[in-house]
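Structure first, then comments.
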């Protein structure tokens, strides 16, 4: 028992010097604290000594921040202000979180472009693959042009366009900056074979067809001519009287007679009313494009048919055939 106590005392004496050495080593390796000017600053507290926001406060402040920006959808048209220019792009501010860039190529029609000018643009994407606001002036012009074309199609309004080129079966016409198609059959009331003569000309048209799915429009110049002719027909018929003498141009000659253009309205001159003598064919007396005086023998307002006479204004054996008297006309 005594031997065990002696042994434990010896072990304790042998281990006692080790503890101070270990403590001294740990003290040397420990980091030394350096005092700074901001040791007493609490980084989690803002100027108002508020350490955090409640969910309601955060939602309110987020809404206030978002309210400083314009609300719009993609593919919408809006006005933007030019706030900068580079060698290749124009910087546009539309009131969004970031500005948009548009290539200078889309402003070639505006040579005097400068900072501060307002232009209409279309929002293609709020954020493209690079996270940038994607705007386009070209697409804005196309969108606005299409809207105007659809509107004049509905109202029947006459538009002015420029023929830019010919294509298979017709011509390409620029209307409001958008390409439309003018079929060859819609150029004139008469057949047209030489399309080149119309390239570069500015003409009036009516929009006769639109396809909103593919944004394609068909225009017609012939429709305007026919409309004018129809109005002339109404005016002529409203003033017609039996026995009235008119000047006309021979438009077509057939076996049974000739069609006379009375200035927008055709009348028929039967072969029996061409000459007092017997003839086998109208061409024995008449020629194409010949101007002659004819007398109105009869007309139908509803069917717009006019019967004309030519022999009634020519003498019979030296005696001019008298015209019907006003009483006889009635």
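The values are calculated or read from the model by the stated rules, or taken from the named source; none is laboratory data. All values derive from a computational prediction rather than experimental measurement. Virtual Cβ from ideal backbone geometry, glycine too; neighbours counted across all protein chains shown.
For this structure, a couple of remarks:
- Qualifying residue in region 189-199 (condition: at negative phi, loosely packed, with under 13 Cβ neighbours inside 10 Å and touching a strand residue (DSSP E or B) at 6+ places or on another chain (Cβ under 9 Å)): yes
- Enumeration of residues in region 244-260 that are surrounded by fewer than 16 Cβ atoms within 10 Å (Cβ to Cβ) and in contact with a strand residue (DSSP E or B) (Cβ under 8 Å, 6 or more places away or on another chain): 244, 245, 247, 249, 251, 252, 256
- So residue 171, is it more than 27 Å from residue 89 (Cβ to Cβ) and outside any strand (DSSP E or B): no
- Looking at 265, 286, just one residue is surrounded by 13 or more Cβ atoms within 10 Å (Cβ to Cβ) and modelled with pLDDT under 90, and that residue is 265.
For (1) at pLDDT 90 or above; (2) assigned to a loop (DSSP other than H, G, I, E, B); (3) touching a helix residue (DSSP H, G or I) at 6+ places or on another chain (Cβ under 6 Å); (4) farther than 28 Å from residue 204 by Cα, each residue gets a yes or a no:
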position	(1), (2), (3), (4)
59	no, no, no, yes
62	no, no, no, yes
112	no, yes, no, yes
140	yes, no, no, no
151	yes, no, no, no
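- Residues of region 160-180 satisfying the condition of being closer than 16 Å to residue 142 by Cβ and in contact (Cβ under 8 Å) with a residue 24 or more places away in the chain: 161, 164, 173, 175, 176, 177, 178, 180
- Of all the numbered requirements in (1) surrounded by 11 or more Cβ atoms within 10 Å (Cβ to Cβ); (2) under 24 Å from residue 147 (Cβ atoms); (3) at pLDDT 85 or above, residue 108 misses one, and that requirement is (1).
- Residues located in region 189-226, provided they are part of a helix (DSSP H, G or I) and either touching a helix residue (DSSP H, G or I) at 6+ places or on another chain (Cβ under 6 Å) or in contact (Cβ under 8 Å) with a residue 12 or more places away in the chain (or both): 196, 198, 222, 223, 224, 225, 226
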